[in-house]
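Before I ask anything, here is the structure I am working with.
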Amino acid sequence: MQNRKDDDQWVWVVVQDPGGDEQFLGQHDEQEDISFIPVFGDKEAAQQGLLSLTRQPGHKYEVQAILREELLKDAAAGGFLIYLLNERGDVQEKIKP
């Protein structure tokens, strides 16, 4: 997956506590017992999809763009998979970095 030609494309992620102790908003797939970072193909889908994600009270959340290649590196370092979601939060693709 690291060498795909679309690695230089932008994807949209949810960042928890932007500007401070920021991190990607991770999720847990209970059925597969896997932690993942949800990503979206565009900003509008990410903003709508944020509503379907599990969040912790007292934290701020912001949708931000990131290069797919950078996200793949960060996800691999943290042991996360990446799930491409649509605006309803449905999984479109599961990506192993």
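Across the stretch 59-97, which residue is farthest from the chain's Cα centre (by Cα) among those that are in a loop (DSSP other than H, G, I, E, B) and basic (Lys, Arg)? Please lay out each step first, then the result.
Filtering the stretch 59-97 down to residues in a loop (DSSP other than H, G, I, E, B) leaves 59-60, 79-80, 86-90, 96-97.
Still in the list and also basic (Lys, Arg): 60, 88, 96.
Details: Lys60: 16, Arg88: 14, Lys96: 13 Å.
In this case the residue turns out to be Lys60.
Tally time: how many residues in the stretch 21-50 are more than 13 Å from Asp90 (Cβ to Cβ), open to solvent by 20 Å² or more (accessible area, probe 1.4 Å) and either out of contact with any strand residue (DSSP E or B) (no Cβ under 7 Å at 6 or more places or on another chain) or among the small types (Gly, Ala, Ser) (or both)?
8
Then there's this: Anything in the stretch 1-20 that is assigned to a strand (DSSP E or B) and either open to solvent by less than 90 Å² (accessible area, probe 1.4 Å) or at pLDDT below 95 (or both)? List them, or say none. Write out each step before concluding.
First, pick out the residues of the stretch 1-20 that are assigned to a strand (DSSP E or B): 10-16.
Those that are assigned to a strand (DSSP E or B) and either open to solvent by less than 90 Å² (accessible area, probe 1.4 Å) or at pLDDT below 95 (or both): Val11, Trp12, Val13, Val14, Val15, Gln16.
Taking only pairs six or more apart or across chains, which ones have beta-carbon atoms under 7 Å, a first residue in the stretch 40-58 that is assigned to a helix (DSSP H, G or I), and a second residue that is open to solvent by 90 Å² or more (accessible area, probe 1.4 Å)?
Close Cβ pairs (under 7 Å, with a partner that is open to solvent by 90 Å² or more (accessible area, probe 1.4 Å)) amount to Ser52/Arg88.
Look at the stretch 82-91 and say how many of its residues are out of contact with any helix residue (DSSP H, G or I) (no Cβ under 7 Å at 6 or more places or on another chain) and in contact (Cβ under 8 Å) with a residue 40 or more places away in the chain. Give the derivation first.
Our first condition is that a residue be out of contact with any helix residue (DSSP H, G or I) (no Cβ under 7 Å at 6 or more places or on another chain); within the stretch 82-91, this holds for 83-84, 90-91.
Now narrow it down to the ones that are in contact (Cβ under 8 Å) with a residue 40 or more places away in the chain: 83-84.
Matching residues across the stretch 82-91 total 2.
Filtering the stretch 51-97 down to residues that are of a type in the set (Phe, Trp, Tyr) and open to solvent by less than 60 Å² (accessible area, probe 1.4 Å), which residue is farthest from Gln16 (Cα to Cα)? Give the steps one after another, and end with the answer.
Let us first name the residues in the stretch 51-97 that are of a type in the set (Phe, Trp, Tyr), namely 61, 80, 83.
When the remaining residues are screened for being open to solvent by less than 60 Å² (accessible area, probe 1.4 Å), the result is 61, 83.
Details: Tyr61: 5, Tyr83: 17 Å.
Step by step, filter the stretch 51-97, then rank; the result is Tyr83.
The values are calculated or read from the model by the stated rules, or taken from the named source; none is laboratory data. All figures in this text were calculated on a predicted structure; none of them were measured in a lab. In this analysis, Cβ positions are derived from the backbone assuming ideal geometry, glycine residues included, and neighbour counts consider all displayed protein chains. Just the protein is used for accessible areas: all its heavy atoms, side chains included, with ligands, DNA and RNA removed. Shrake-Rupley method; radii C 1.70, N 1.55, O 1.52, S 1.80 Å.
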